[in-house]
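To keep things clear, I will list the structure first and then write my remarks on it.
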Amino acid sequence: MEEKINIPLNGMYVFKPHEEFVKKANINDPSVYERAEYDFLGFWEELAENIDWFNKWDDVLKWEPPHAEWFLGGKLNASYNCLDRHIDKLGDKIAILWEGETGELRTYTYSELLAATSRFASALKNLGVKKGDIVTIYLPMIPEAVISMLACARIGAPHSVVFAGFSADSLAQRINDAGSKLLITCDGYCRRGKVLNHKGKSDDALSKSEFIEKVVVVQHENNDVSMEPGRDVWWHDIVKSSDPSCEPEVMDSEDMLFLMYTSGTTGNPKGVVHTTGGYMVGTYITSNWIFDLKEDDIYWCTADVGWITGHSYLVYGPLSNGATVLMYEGAPDYPDKNRFWDIIEKHKVSIFYTAPTVIRTFMKWGTHWVYKHDLSTLRLIGSVGEPINPSAWLWYYETIGGGRCPLVDTWWQTETGMILITPLPGITDLKPGSATRPFPGIKAVVLDDFGNELVDGTGGHLAVKTPWPSMMRTIYNDEQRFIDTYWSKWGLETYLSSDGARLDKDGYFWIRGREDDVIMVAGHRLGSAEIESGLVSHPLVAEAAVIGRFDDIKGQSIFCYVTLESGAVECEELRGELVDHVIEEVGPIARPKGIVFVDEMPKTRSGKIMRRVLKAIANGEELGDVTTLQDPTVVEDLRRKVESFFERC
């Protein structure tokens, strides 16, 4: 058990790393923070030696705000760093351990993954893909998704991975923005026992795009699909006749590795550009230090490859470290709500990295699903994607981690490429709900509207004041939007994250969530994440989502959707109790004007609550596209409950 130190913080405790973990940790010297600050460029230059370069760099950094170039003149290949360099020592080690929703298992050793990647890279060349061509990948969580990414990187063709749950319109929009001529998709995939016709959805998207000339189709479920002669080809057919070897393209450090589209509050999705050298350095070292990767670890990041977490911490970071990576295709509750714990026990997973929304869902389902399984192989757990409230943190730490596993709560973004605020498990004392400190070499700050630093616990804007290797380089085809969105508030040297945060007296960061999730009540800015945290700290609340509802007097009022723990009874008394609880936890200004009890939240297939849908329902607006929802049928139930609530009021 990790030692509990009796230093209360908002009713919580500080957890110090266990002595045995510290002894074996990849990084356990606290002076690393001072070294990084004292010699910023020397620090990153030393870390860059951990990956393989065909030619070393001439200069570490060229910083002309807001543009950074890292390891100028350096030549390398991302696919080589994930595969070739491991073959002599780790060729027979499992690189990918894949489990399908139906229980099917597939494994690839590093040698087998290199062979599969090389064959598909050769096949892409045969189809006319050249260095610099952007390839769109629209695949579910199957090994071919990783092989496609590594094959593109091998031949110098940037990839644009689109989450398989996105609609045809969303896919078409991203294809058109990138100008992709080749799409990689599949016939279908499983979700909760049903085979989804993924090829049909792909064809719908292609009817709205004039760019695609070739479509590669993975035969994953053997369902009947339409194949257009001259355009569509089967993956298995083209790799049969392709060259089994493919030399990695020599890439400049600043050559584009991939595009990752992220939604904005307005306008079309932003095509975030990440380049090769700095990204590989950042994802390698953060994977090594934060997850403390060891030779015999079985590492499971539950993120989909369609998101940045899947890129950085399922593919490039872990594989460049020579890790064994587990991939799971299906839902966490199929066929039962213990599927994740069954996977951990069966495959002896030692590192588990997932999202707070998923954790809160597990809490709602109950500990009996967990206690059916032996999770003793876990030695480190992590959180990513959104702020984690203290009660969920403690449940995760104690119930899943058994009180013995360091919990690394990480903050970063699509735009940052790598984790920027995080504990280092061999060094950092943990506070439930806090992402703790910036990674060494990162100058994160909390600023007020005028750019003044806030260090007294006052909430403000989370910003970064120094460049870092894996930072985005621009928005594809929209340089001005890049500047306006991220670099215009306090000058070109300070990155605006659009997240809110506060610093406590120990210099620990408490992330408050997206500032476009801020609710303005009578001129007061209230973070929805703070109110949600207050709600879920109540023992009967499993999950909460808070949005702003139009109010003709105050501008906005606080409207809450609440899912109760199993066995809790919905009633007006409980509703009033929750209102009082929020007032006590957050303050009178945060008094909810409405609380609706719901059975399920509208969630994407990656587990994130789609607050846009909740806002639209509460405000009586059009819902827009809901095809990315895990279960679109919850929308009508939510609408009925909200309408019933307003009728009673």
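Observations
- Taken together, 70, 63, 57, 98 contain a single residue that is under 30 Å from residue 237 (Cβ atoms) and of a type in the set (A, V, I, L, M, F, W, C), which is 98.
- Residues that are over 24 Å from residue 139 (Cα atoms), touching a residue at least 40 places away in the same chain (Cβ under 8 Å), hydrophobic (A, V, I, L, M, F, W, C) and part of a helix (DSSP H, G or I) do not occur anywhere in the stretch 236-246.
- Selection count where residues are part of a strand (DSSP E or B) and either modelled with pLDDT of 85 or more or more than 20 Å from the chain's Cα centre (by Cα) (or both), scope the stretch 513-529: 8
- Checking residue 397 against (1) assigned to a loop (DSSP other than H, G, I, E, B); (2) out of contact with any Lys or Arg (no Cβ under 9 Å at 6 or more places or on another chain), the condition it does not meet: (1)
- Screening the stretch 354-378 for residues that are not in a loop (DSSP other than H, G, I, E, B) and not aliphatic (A, V, I, L, M) and picking the one that is modelled with the lowest pLDDT gives 357.
- Identity of the residue in the stretch 569-614, assigned to a helix (DSSP H, G or I), at pLDDT 90 or above and of a type outside the set (A, V, I, L, M), that ends up farthest from residue 557 (Cα to Cα): 573
- Selection within the stretch 453-503 - part of a helix (DSSP H, G or I) and either under 28 Å from residue 43 (Cα atoms) or touching a residue at least 24 places away in the same chain (Cβ under 8 Å) (or both): 481, 482, 483, 485, 486
- Restricting attention to the stretch 79-119, the residues that are among the basic types (Lys, Arg) and either surrounded by 20 or more Cβ atoms within 10 Å (Cβ to Cβ) or assigned to a loop (DSSP other than H, G, I, E, B) (or both) total 2.
- Any hit, the stretch 21-29, residues being among the basic types (Lys, Arg) and assigned to a helix (DSSP H, G or I): yes
- Filtering the stretch 429-452 to residues that are crowded, with 21+ Cβ neighbours inside 10 Å, among the polar types (S, T, N, Q) and part of a loop (DSSP other than H, G, I, E, B) leaves only 434.
- Hey, residue 381 part of a helix (DSSP H, G or I), of a type in the set (Val, Ile, Thr), modelled with pLDDT of 95 or more and not assigned by TED's automatic domain parsing to the domain that holds residue 608 or not: no
- Scope the stretch 120-129; condition surrounded by fewer than 16 Cβ atoms within 10 Å (Cβ to Cβ) and either in a helix (DSSP H, G or I) or at pLDDT below 95 (or both); matching residues: 126
- Among the criteria (1) in the same structural domain as residue 380 (by TED's automatic domain parsing); (2) at pLDDT below 95; (3) closer than 18 Å to residue 36 by Cβ, the one residue 426 does not fulfil is (2).
- Meets criteria (in contact with a Gly (Cβ under 7 Å, 6 or more places away or on another chain), over 22 Å from residue 148 (Cβ atoms) and aromatic (Phe, Trp, Tyr)) for residue 44: yes
- Of all residue pairs spaced 6 or more apart or on separate chains, those with beta-carbon atoms under 7 Å, a first member in the stretch 197-220 that is over 23 Å from residue 125 (Cβ atoms) and in contact (Cβ under 8 Å) with a residue 12 or more places away in the chain and a second member that is charged (D, E, K, R) and in a loop (DSSP other than H, G, I, E, B) are 198/187; 199/187; 220/187.
- Residue check, residue 287 of a type in the set (Ser, Thr, Tyr), crowded, with 23+ Cβ neighbours inside 10 Å and either free of Cβ contacts under 8 Å to residues at least 40 places away in the same chain or not assigned by TED's automatic domain parsing to the domain that holds residue 79 (or both): yes
- Restricting 304, 296 to residues that are in a loop (DSSP other than H, G, I, E, B), modelled with pLDDT of 95 or more and either under 22 Å from residue 102 (Cα atoms) or assigned by TED's automatic domain parsing to the domain that holds residue 147 (or both) narrows the list to 296.
- Scanning the stretch 613-645 for residues that are free of Cβ contacts under 8 Å to residues at least 24 places away in the same chain and either in the same structural domain as residue 191 (by TED's automatic domain parsing) or of a type in the set (Gly, Ala, Ser) (or both) returns 616, 620, 624, 644.
- Test: residue in the stretch 143-153 that is over 25 Å from residue 116 (Cα atoms), at pLDDT 95 or above and either part of a strand (DSSP E or B) or in contact with a strand residue (DSSP E or B) (Cβ under 6 Å, 6 or more places away or on another chain) (or both): no
- One residue stands out among those in the stretch 156-173 that are surrounded by fewer than 24 Cβ atoms within 10 Å (Cβ to Cβ) and in a helix (DSSP H, G or I): the one that is nearest to the chain's Cα centre (by Cα), which is 170.
- Residue within the stretch 587-606 that is among the hydroxyl-bearing types (Ser, Thr, Tyr), under 29 Å from residue 390 (Cβ atoms) and loosely packed, with under 13 Cβ neighbours inside 10 Å present: no
The values are calculated or read from the model by the stated rules, or taken from the named source; none is laboratory data. Computed from a predicted structure; not experimentally measured. We place every Cβ from the backbone using ideal geometry, glycine too, and count neighbours over all the protein chains shown.
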